[in-house]
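Readers should treat all values here as calculations from the given coordinates under stated rules, not as data from a laboratory. Since the structure is predicted, the reported quantities are computational estimates derived from the model, not experimental observations. As a convention, Cβ positions derive from the backbone with ideal geometry for all residues, glycine included, and neighbour counts pool all protein chains shown.
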Amino acid sequence: MKRILFLIILLLSLNTFSQKNEKFKSGVKIIENEKIEKYKNPKSILFIFKGHTHSINFFLDLKKRIRKIFKKKMKKEFKDFKLNFNYDLNAKKSLKSDLDNIPFKKYNEKEYESICQISISDFKGWDYHLSKKRKQNYNLNIELKDVNSSLLIAFKLNVSSYYTIVTQNKKSGKLIYKTIMEK
């Protein structure tokens, strides 16, 4: 009887402790990328952020990063480039502070050559008790369409970050620019 009990405990402990110890590495990478063959760089883009109202601070920071990278990379052409942002955020029970941060100005989609929709999916977070060491992993879904709603580009960024989801927005903005504007 002791041998059987010992064997069961041994098998359970081997199974329990045999998990791989994967290291968490922060960063941004493209996991899916589809682009039509006849794609040309747009002369104007309206970004539409979709999701929960609680994501407003994340989207405001991402907006700042996207605008900054477009301005930096395009230099003189940026003056003629039309770039704006709409927020399509909603929730059943929104916080007042989140609602106060959402910009009210809405831009007309028909005035832009391309519409780029950005949303968050597959959000996972852990180690919340560690404050600065807490981890998040999520996907940024990006779809660029023309005025006729024909898909031009669809890609997904997998983002891993420490502390808050905002910490990798600079890298996300660079990859968004690179995928949309560079061939």
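Here are the numbers:
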item: Size of charge dipole - the chain - debye, nearest 20, with Cβ of Lys, Arg +1 and Asp, Glu -1, no other charges; result: 820
item: Entry for P(r) over Cα pairs in 10 Å bins from 0, in percent (calculated from the structure that is shown) out of (1) 8, 24, 19, 14, 12, 9, 6, 4, 2, 1, 1, 0, 0; (2) 9, 36, 36, 16, 3, 0; (3) 8, 30, 30, 14, 7, 5, 3, 1, 0; result: (3)
item: Sequence ranges 76-86, 172-182, ranked by mean other-Cβ count within 10 angstrom, highest first; result: 172-182, 76-86
item: Burial ordering of VAL159, VAL147, VAL28, fewest other beta-carbon atoms within 10 Å first; result: VAL147, VAL28, VAL159
item: At least 30 Å along the helix axis (C-alpha) and Kyte average at least 0.0, DSSP helices within the chain; result: none
item: Percentage relative contact order, region 101-183, counting C-alpha pairs under 8 Å, at least six apart; result: 23
item: 222 nm mean residue ellipticity, helices alone, for the chain (DSSP H n ≥ 4; -39,500 (n - 2.57); rounded to 500); result: -9500 deg cm²/dmol
item: The chain, relative contact order [Cα under 8 Å, separation at least 6], %; result: 30
